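Would you mind keeping the following structure in view while I ask a few things?
What follows is calculated from the coordinates using simple rules that are stated; it is not laboratory data. This structure is a prediction, so every number in the text was calculated from the model and none was measured. Quick reminder, even Gly has a Cβ in these numbers, built from the backbone with ideal geometry, and neighbours come from all protein chains shown.
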Amino acid sequence: MDAQQAKFLADYFANLLETESKTTLRVLEAVPTERRDYKPDPKSRTAWELALHVASGDLWFIDSICDAAFNWDPEFEKRVTAGVSTTGEIVEMYKREYPKRIARLRSTPAAQLAKETDFFGMMKQPAVLFLGIANNHGIHHRGQLAAYLRAMGSKVPSMYGGSADEPMQG
């Protein structure tokens, strides 16, 4: 992959990720703080653990792609969510931090985005191609969290069409 191709893909994904972040915010906003410890099974994460993972994971992936280096830092989530203890606070943190990551992605040099990058020994490919995995990761965990909402007494926002709580308007 050459630098021009990498820049094209980064611009495409930056637009896509911006759109997805609006849906992520709607799901995060729907998490009732007073029910944040809900989990459907003892093996499941709590709603709050998922909310923190969704928000911090989106940031971590973009940082890693821009750095062309995936380094596991078990303290990253704790650092970026320090002091966050309510739904309103996680929403504000995400609204503040995610646009910074999109701006960083857009300003990352094309050669850096084209750089072959190792993903924990599982695969090597140009850094920009990991934006697809970043997008899928966020959607996957956002879907998990959305599946908790109704059982928590909240409403499920529309995502890619209407939901029972927010039907499509014609």
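Against the definition (free of Cβ contacts under 8 Å to residues at least 60 places away in the same chain and surrounded by 14 or more Cβ atoms within 10 Å (Cβ to Cβ)), how does Met93 come out, yes or no?
It is true that Met93 is free of Cβ contacts under 8 Å to residues at least 60 places away in the same chain and surrounded by 14 or more Cβ atoms within 10 Å (Cβ to Cβ).
Turning to a different aspect of this structure: Identify the single condition in (1) surrounded by 14 or more Cβ atoms within 10 Å (Cβ to Cβ); (2) within 15 Å of Ser56 (Cβ to Cβ); (3) touching a residue at least 24 places away in the same chain (Cβ under 8 Å) that Trp72 does not satisfy, given that it satisfies every other one.
(1)
With Lys124, Lys115 as the choices, which residue is touching a Ser or Thr at 6+ places or on another chain (Cβ under 7 Å), over 22 Å from Ala30 (Cβ atoms) and either surrounded by fewer than 14 Cβ atoms within 10 Å (Cβ to Cβ) or free of Cβ contacts under 8 Å to residues at least 60 places away in the same chain (or both)?
The unique qualifying residue is Lys124.
Need a quick list: helices (runs of 4 or more DSSP H) entirely within region 75-170 having at least 1 residues that are among the aromatic types (Phe, Trp, Tyr).
Of the helices (runs of 4 or more DSSP H) lying wholly inside region 75-170, those with at least 1 residues that are among the aromatic types (Phe, Trp, Tyr) span 76-80, 87-107, 130-149.
Give the number of residues within region 156-170 that are among the polar types (S, T, N, Q) and surrounded by 10 or more Cβ atoms within 10 Å (Cβ to Cβ).
Residues that pass the stated criteria total 2.
Looking only at region 1-36, count how many residues are free of Cβ contacts under 8 Å to residues at least 24 places away in the same chain and more than 13 Å from Thr87 (Cβ to Cβ).
Adding up the residues that qualify gives 5.
Can you tell me which residue among Ala10, Ala14 is under 14 Å from the mean Cα position of the chain (by Cα) and either assigned to a helix (DSSP H, G or I) or over 17 Å from Ser154 (Cβ atoms) (or both)?
Values: Ala10 fails: under 14 Å from the mean Cα position of the chain (by Cα).
So the residue among Ala10, Ala14 that is under 14 Å from the mean Cα position of the chain (by Cα) and either assigned to a helix (DSSP H, G or I) or over 17 Å from Ser154 (Cβ atoms) (or both) is Ala14.
Please find, among Ala3, Ala55, Ala51, Ala10, the residue that is out of contact with any Asp or Glu (no Cβ under 7 Å at 6 or more places or on another chain), surrounded by fewer than 19 Cβ atoms within 10 Å (Cβ to Cβ) and not polar (S, T, N, Q).
After ruling out the rest, the residue left standing is Ala3.
If you take the residues of region 133-148 that are farther than 14 Å from Arg45 by Cβ and surrounded by 20 or more Cβ atoms within 10 Å (Cβ to Cβ), which of them is farthest from the chain's Cα centre (by Cα)?
Once the filter is applied, the top-ranked residue is Ala134.
Within region 17-27, can you find the residues that are crowded, with 17+ Cβ neighbours inside 10 Å and within 11 Å of the chain's Cα centre (by Cα)?
Hits for region 17-27 are Leu17, Glu20, Ser21, Thr23, Thr24, Leu25.
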